[in-house]
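A.B. asks: Please read through the structure below; I'll follow up with questions.
Rule-based calculations on the coordinates, nothing more; no lab input. Predicted model, so just to flag it, every value in this text is computed and none were measured. FYI the Cβ positions are ideal-geometry reconstructions off the backbone, even for glycines, and counts take in every protein chain you see.
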Amino acid sequence: MEVDRADGRNPNQLRPLACSCSILHRAHGSASWSQGDTKVLAAVYGPKAGTKKNENPEKASIEVIWKPRTGQIGKPEKEYEIILKRTLQSICILTINPNTTTSVIIQVVHDDGALLPCAINAACAALVDAGIPMKHLAVAICCCSAESGYCILDPTKLEEQKMKGFAYLVFPNSILSVLPEGSSLVQGEPMEHGIITSVTHGAMSGNLSTLRVSVSHL
Amino acid sequence: MCREDGSSEVQLGQTHIMGFVTGQLVQPYRDRPNEGTLSIFTEFSPMADPSFETGRPSESAVELGRIVDRGLRESRAVDTESLCVLAGKLVWAIRIDLHILDNGGNLVDAANIAALASLLTFRRPECSLGGEDDLEVIVHPPEEREPLPLIIHHLPIAVTFGFFSSESLLVIDPTHHEEAVMVGKMTATLNANGDVCAIQKPGGEGVLQSVIMQCLRLASRMASDITKKIKDAVETYNTERALRKIKRHPTSITLDGSVNLKEKLNEPSGHNVVNELSRKHLEKPRLASAENASSPGNNGEGESKSSNFGRSSRRDGATSNFVGGAASWDPYSRGVDSDFLKASLASRGTLTPKKKQQDPTGERKPNESKPEESPGDVIPTTSAMDVSETGVHKGGEKTLKDAVKPKHKRKKKAFSSTADAS
């Protein structure tokens with residue numbers, strides 16, 4: 001069905017992306033990621049010696065600090081920190097530098113919808129800039145569904161508020177390979193269809209076909 | 001790139017600071033029922049320096065907040081009485097959040113500039129009294145009524161000096177390497193009128209009176225320089241903001257706007273922000289009766305007339321590049337030196353707009369590149385402006401017996417945006 005989005009996009013169309021790396025001088029790695037008007041700045045320091053008390057010293061640990069635009073740090077920020085930490089833990093190779101801590105600091109510059117996916121993308125870019133060893137890149141997208149059952153990608157803040165439910169999905173990136181072996185197959189399916197992280201809000205009826213389409217757009 | 005009212009980004013060499021201003025209606029303090037409040041929150045983000053930690057603010061964070069706060073509050077730069085809505089019941093509490101992103105030294109000066117720039121671009125919603133007894137306060141959303149700027153009387157600029165153990169060594173605007181080895185520092189907050197708002201010299205090595213006086217003289221010259229740069233950046237933001245309102249209704253521009261703009265091309269450029277805004281308010285009712293286009297378009301046209309700096313060529317290009325968004329004609333996207341910015345404003349912006357129109361999409365990618373980069377055509381004007389800059393400093397060096405090393409790579413980006421129709 002034809003969906004009228006306020007800025008004239010198709011339901012499967014993302015906002016213009018922009019990314020710059022190495023924008024900060026003191027941080028070991030930094031990146032700024034913007035999707036439309038949502039902009040997030042990420043900085044990485046690490047690896048630093050030592051791990052925190054609760055962390056496993058036989059692996060590298062990742063620490064995430066989320067800085068909101070204004071105001072104090074509250075529960076939603078803590079939740080974002082946890083999600084981001086678990087996502088990054090699954091993409092970084094933790095066995096290479098045991099007993100070290102890598103700090104990722106996220107600063108929200110502007111929030112116009114799809115904030116957490118933007119932050120995940122920014123953090124991934126910053127880790128690459130810092131040279132932290134990773135298995136693959138994480139690609140995050142937000143898709144939401146409305147009352148009438150249609151599904152759109154990368155909503156703006158106004159669109160998010162009108163939606164019934166939305167999901168943030170993080171996928172590994174597809175491998176572009178020159179060799180004929182190409183992308184590895186995991187249990188018969190190409191690896192890039194595996195979901196690393198998914199966070200859902202609200203109620204959503206199954207829209208797997210649209211999810212497949214969204215994957216191909218990444 | 002997103003821009004908003006009340007946000008600013010300052011780059012002073014390697015130091016990078018962002019400021020955001022927000023306002024809330026609260027109850028006033030008992031002893032000041034007619035005044036609004038101003039509070040400053042400084043975030044020493046661990047992003048800026050590996051030694052910064054989250055949690056409790058460190059000593060230097062508290063000191064920075066206090067210096068900026070003193071400069072603004074005690075010099076009465078921001079008019080707090082105009083923030084009163086209902087005496088004794090409701091006033092505006094203005095909150096300034098300063099995020100330190102990159103510590104390249106001299107955080108105080110940069111934070112001060114960020115706070116001032118964001119205060120100048122902040123717009124608070126208009127409130128009026130209504131309801132049955134005229135005791136209810138109605139806050140008008142920005143779509144209904146144009147939000148108002150704060151009344152700022154003057155701009156207190158902080159200038160920091162660093163002293164070294166050798167008596168004849170004095171540094172202005174120290175970098176973080178210099179801060180690590182200096183033995184004393186002094187921050188002087190002055191405004192362009194020559195008033196000294198605050199001086200802070202927290203301990204350290206003793207310094208001769210004559211040196212202090214020379215520092216103050218230097219600082220006063222720097223202050224007027226920086227004030228001009230801040231005002232120029234804010235002017236540009238205001239122009240952009242006005243244009244964004246026009247962008248919402250591109251058809252109305254081709255009909256009336258472009259003709260009107262060209263007529264007004266020869267207006268004198270020496271407006272300061274307050275004059276500009278009062279004229280905007282005057283022109284609004286005039287246009288509202290004349291046009292029958294929708295209201296945001298009207299406001300935009302009124303504002304565009306009064307805030308014209310000869311940018312008609314830019315606007316025509318800008319409307320066709322609407323899809324690319326505001327970034328397509330961002331004057332700061334390549335870390336443009338503010339000297340160039342002064343030159344471009346003076347020469348009616350002939351260089352910058354043509355460049356932007358030719359390459360609207362390409363700009364998205366080299367966005368926010370490193371501050372040291374500058375596009376080729378910037379260099380000729382930059383060097384011209386550099387000559388005048390060094391001229392100032394040579395004058396400084398002659399009067400001072402000491403070796404004064406100005407560390408002067410200031411670039412500023414003022415962010416602005418409006419919630420789009422989306």
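A.B. asks: What's the extension gain from A:Glu160 to A:Leu137 if we count 0.36 nm per residue and subtract their Cα-Cα distance? It would help to have the intermediate numbers written out before the result.
C.D. replies: On the way: separation 23, 0.36 × 23 = 8.28 nm, distance 2.60 nm.
In short, 5.7 nm is gained.
A.B. asks: Which of the pairs A:Lys85/A:Lys162; A:Lys157/B:Lys245; A:Lys53/A:Lys75; A:Lys75/A:Lys157; A:Lys48/A:Lys78 have their Cα atoms more than 25 Å apart in this structure?
C.D. replies: Values: A:Lys85/A:Lys162 29 Å; A:Lys157/B:Lys245 20 Å; A:Lys53/A:Lys75 22 Å; A:Lys75/A:Lys157 20 Å; A:Lys48/A:Lys78 22 Å.
From the list (A:Lys85/A:Lys162; A:Lys157/B:Lys245; A:Lys53/A:Lys75; A:Lys75/A:Lys157; A:Lys48/A:Lys78), the Cα-Cα distance tops 25 Å for A:Lys85/A:Lys162.
A.B. asks: Tally Lys/Arg at +1 and Asp/Glu at -1 over every other residue whose Cβ is under 11 Å from the Cβ of B:Leu190; what's the total? Walk me through the intermediate numbers first.
C.D. replies: Details: positive: B:Arg217, B:Arg221; negative: B:Asp195.
Neighbour charge sum, excluding B:Leu190 itself: +1.
A.B. asks: Between B:Glu167 and A:Thr95, take the C-beta separation as r, use R0 = 56 Å, and let me know the FRET efficiency to the nearest 0.05. Show your work: numbers first, answer last.
C.D. replies: On the way: r = 56 Å, r/R0 = 1.00.
After rounding to 0.05, the efficiency reads 0.50.
A.B. asks: Follow-up. At what distance in angstrom do the alpha carbon centres of the stretch A:105-156 and the stretch B:1-58 lie from each other?
C.D. replies: 26
A.B. asks: Using just the C-alpha positions of the stretch B:109-196 as equal point scatterers, what log10 of I(q)/I(0) does the Debye formula give at each q in 0.26 1/Å?
C.D. replies: Summing over Cα pairs of the stretch B:109-196 leads to -1.19.
A.B. asks: With labels modelled as points extended 7 Å from the Cα through the Cβ direction, what inter-label distance (nm, one decimal) is found for B:Val26 paired with B:Arg221?
C.D. replies: 4.2
A.B. asks: Calculate, in nm to one decimal, what B:Ser39 and B:Ile151 gain on full extension: separation in residues at 0.36 nm each, minus their alpha carbon distance. Could the numbers behind the result be given before it?
C.D. replies: Working: separation 112, 0.36 × 112 = 40.32 nm, distance 1.60 nm.
Here the answer is 38.7 nm.
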